[in-house]
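Dumping the structure here so I can ask a few things about it.
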Amino acid sequence: MATDGELVLEGVVVTGDHRGRELGFPTANVELPAGTVLPPDGVYGGWFERSDGSCFVAAISVGTRPTYYREGGGRLLEAYLLDFDGDLYGERVRVGVGPLVRGQARFEDSEELTDQMRRDVEAVRAAAERG
Ligand SMILES: Cc1cc2nc3c(=O)[nH]c(=O)nc-3n(C[C@H](O)[C@H](O)[C@H](O)COP(=O)(O)O)c2cc1C
C-alpha cells in the first residue's frame, strides 16, 4: 500500500487514556521506537496495516492533544481506523502517513473536538474513495 515518498512508521499499539472510546472515536496509540522522527503535529489521511497483513484506511492524529493537556502532554501518533471494530493492543503495526488534513487545534470541549473529528474522518474517507 505504500507509495513513493510516503512516510511509513512501524510500532506497537499501547493503551491510551481510553477517552477515545468515550468520544466515539477509539484510537490505536502507536508507540514508536525511541528517536523516531514524527511529521509535524496535525491530522493526516493514511493507512494502517495490522500484524496479519490486513489494511485499513485511517485518520491519523499526531500531537500533544491540546484540548486535554495545556502542557506536558507527550507527542503521540494515534490512528482511528475506518470500518474497524476490535482490539489492537500489543500488535506490531505499520502506519502510512499521507496528506495533511489540518493542523492540531485546541477545542473548547469534547463535543467541539468530536464534531471536527467526524468531519476529518469524512474527508479522509472521501479522499480514499477518490483513490
Ligand atoms: C482524526 C483525529 C483528529 C484529532 N484532532 C485533535 C485535535 O485537533 N486536538 C486535540 O486535542 N486532539 C485531537 N485528537 C486526539 C484526541 O484528543 C484523542 O484521540 C482522544 O483524546 C483520545 O485519546 P486516548 O486514545 O489517549 O484515549 C484527534 C484524534 C483523531 C483520531
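A short reminder: the numbers here are calculations on the coordinates, not readings from a lab. In this text, all values refer to a predicted model and were calculated from it rather than measured experimentally. FYI the Cβ positions are ideal-geometry reconstructions off the backbone, even for glycines, and counts take in every protein chain you see.
In whole Å, what three semi-axes, largest first, describe the equivalent ellipsoid of the chain built from its Cα gyration tensor (square root of 5 times each eigenvalue)?
So the equivalent ellipsoid measures 21, 17, 15 Å along its semi-axes.
How do T67, T36 line up, fewest other C-beta atoms within 10 Å first?
T36, T67
Please give me, ordered by residue number, the chymotrypsin sites (Phe, Trp or Tyr not before Pro) of the range 50-91 that lie in loop per DSSP and have at most 14 other Cβ atoms within 10 Å.
For chymotrypsin sites (Phe, Trp or Tyr not before Pro) across the range 50-91 that sit outside H, G, I, E and B with at most 14 neighbouring Cβ atoms in 10 Å, the list reads Y68, Y69, Y89.
Another question, if that's okay. Residue by residue through the range 114-131, what is 3J(HN,Hα) from phi via Karplus (6.51 cos²θ - 1.76 cosθ + 1.60, θ = phi - 60°)? Round to whole Hz and write x for glycine and proline.
Result, rounded to whole Hz: 5, 4, 5, 4, 4, 5, 4, 5, 5, 5, 5, 4, 4, 5, 5, 5, 6, x.
Roughly what percent of Cα-Cα pairs across the range 4-57 reach past 14 Å?
67
Taking the Cα centre of the range 7-130 as origin, work out the dipole magnitude from +1 charges on Lys and Arg Cβ and -1 charges on Asp and Glu Cβ, in debye rounded to 20.
Using Cβ point charges on Lys, Arg, Asp and Glu, the range 7-130 gives about 340 debye.
Counting other Cβ atoms within 10 Å, which GluC sites (Glu not before Pro) in the range 1-108 have at most 11 and lie in a DSSP loop?
E71, E108
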